[in-house]
1. When the dipole is taken about the Cα centre of the stretch 15-160, and only Lys, Arg (+1) and Asp, Glu (-1) are charged at their Cβ, what size is it in debye, to the nearest 20?
2. I'd like the orientation of helix 2-18 relative to the chain: the angle between its Cα long axis and the longest Cα principal axis, in ° from 0 to 90, rounded to 10.
3. What's the local net charge at Leu103, with K and R +1, D and E -1, over the other residues with C-beta under 11 Å away?
4. Given the peptides 168-180, 31-43, arrange them by the average over their residues of other C-beta atoms within 10 Å, most packed first.
5. Can you list the HN-Hα couplings for the stretch 197-206, worked out from phi with the Karplus curve (6.51, -1.76, 1.60; θ = phi - 60°), rounded to whole Hz and with x for Gly and Pro?
6. Kirkwood hydrodynamic radius of the stretch 15-160 from all distinct Cα pairs, in Å?
7. Between the stretch 21-73 and the stretch 167-194, what is the separation of their alpha carbon centroids in Å?
8. Could you tell me the calculated FRET efficiency between Ala370 and Tyr228, based on Cβ-Cβ distance and R0 = 45 angstrom, to the nearest 0.05?
Amino acid sequence: MKRFLLISLFFCRLTHAQNPGRELDAHLQPAIFAITMVMIHDVANPPAASRFYTYCLLGAQEIVSQNNKSIVSPTAYINDLNKIEIETKGKYDYKIAALYCILETGKIILPSGYMLEEDETKFVSTLKKQGYSESIIEQSILVAQEVAKKIIVISSQDNYSRLSTRLRYRPVKGEGYWYPTPPGYIEGVEPHWRTIRPVMIDSSSQFKPKPEVPFSKDTSSAFYKLAYEVYSEGKNLNEKNRAIASYWDCNPFAINTSGHMMIGFKKISPGGHWMNITSIATTKAKVDLDHGIMIHAIVAGTLMDAFISCWDEKYKGSRVRPETVINRYIDPRWQPLLQTPPFPEYTSGHSVISSAVAEVLTYFLGDKFAFTDNTEVIFELPTRDFTSFRQAADEASISRLYGGIHFRDAIVNGQDQGRRVGTFIIGKIKEKGVKPL
């Protein structure tokens, strides 16, 4: 962890040295990474994490758009979002305000948001060292705090607060339906996520995937062949596929057992992984702060919509996981490489969200954008090189088969579902004047 942070700090200094006058650009990636670290601490589940990212960046983009006419306001394409009036008087630096707003919103909206106070203090200290006046910093913070409070009001209207008032999810009875899996036997995560207000898509059911292969115990059936493929792959994993599965695990809370003791390991969420890829790509492309905030905000909203779309199908169908099927009908001792996530199988969340974001990033940065992903370095995994965002999305998707936690049709149809979500969002933002770089 310390090694990674030192590398990040060195990179920020290097960026500043190579780009005089753009010293604030280097603060975007650390701000988003700070949000990610708090979510790892809080064990934010995948859909919830996408929501947190969305609101943390929404206010920042609105601040930028009101000061830079080349940045389209999110009110142009986000559902039911009215202009956020900035009432604070006095001269301020909108870039400082936008960056501070990311941290301030996270401080309010995240369960352990208080942890971001240290990041805010360090940011202000850096600004003073860079020569910004006390009055400019103070006014910029006031703007950030004002906008952050208004973002929290907006977030309170998306039905998130009502989730806890709904009935607990009871697994559907029947052999083909999802049931909690070992080792934790955790109950279904966010079974009512489809009720969350979408960001840019029209509804949770707008991008319904192709029908899943029907459950069957018949050894000659298509479903049994899907199950046996997962079983066979897991029994014969080569090192390459094992590495791919482990790299894209992205399980916020993996449980390891030792006798009667269970040990939990906190990791980054799938959305957090793609937010970091976005940071890596925009940094490599030398995207300025204003456009960097916009791209991150749109990616975050895409993640949120992709999860809403995926979770709608997951709990409507409540399809059984490979681990359950294989243990019941093929091999009672078989275990997947990865821990089976605590929610229904169809469609694959990784496939949906990765494919959706890959389309959006391809729109902004191109189809042949090569990059090195270092997201998992903090979890002691090596970097991976990709020739495009779509290649990375394809690898993230197939990793779920290698990991033993998804059937192939959930992966393939999930990719299609995600691409349709991404294509719709691109069409919507393009219509409102958001252009590729």
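1. 280 debye
2. Taking the Cα atoms of the chain, the angle to 2-18 is about 40 degrees.
3. With Lys, Arg at +1 and Asp, Glu at -1, the net is -3.
4. Top to bottom by mean Cβ count within 10 Å: 31-43, 168-180.
5. So the Karplus estimates, Gly and Pro as x, are 5, x, 8, 10, 6, 7, 7, 5, 9, 4 Hz.
6. Averaging 1/r across every pair of different Cα atoms and inverting gives 15.6 Å.
7. After rounding, the separation between the Cα centres reads 32 Å.
8. 0.80
Laboratory data are not the source of any read-out in this text; all were calculated from the coordinates shown. As the structure is a computational prediction, the values presented were derived from the model and not from experiment. Glycine also receives a Cβ, built like all others from the backbone with ideal geometry; neighbour counts cover every protein chain displayed.
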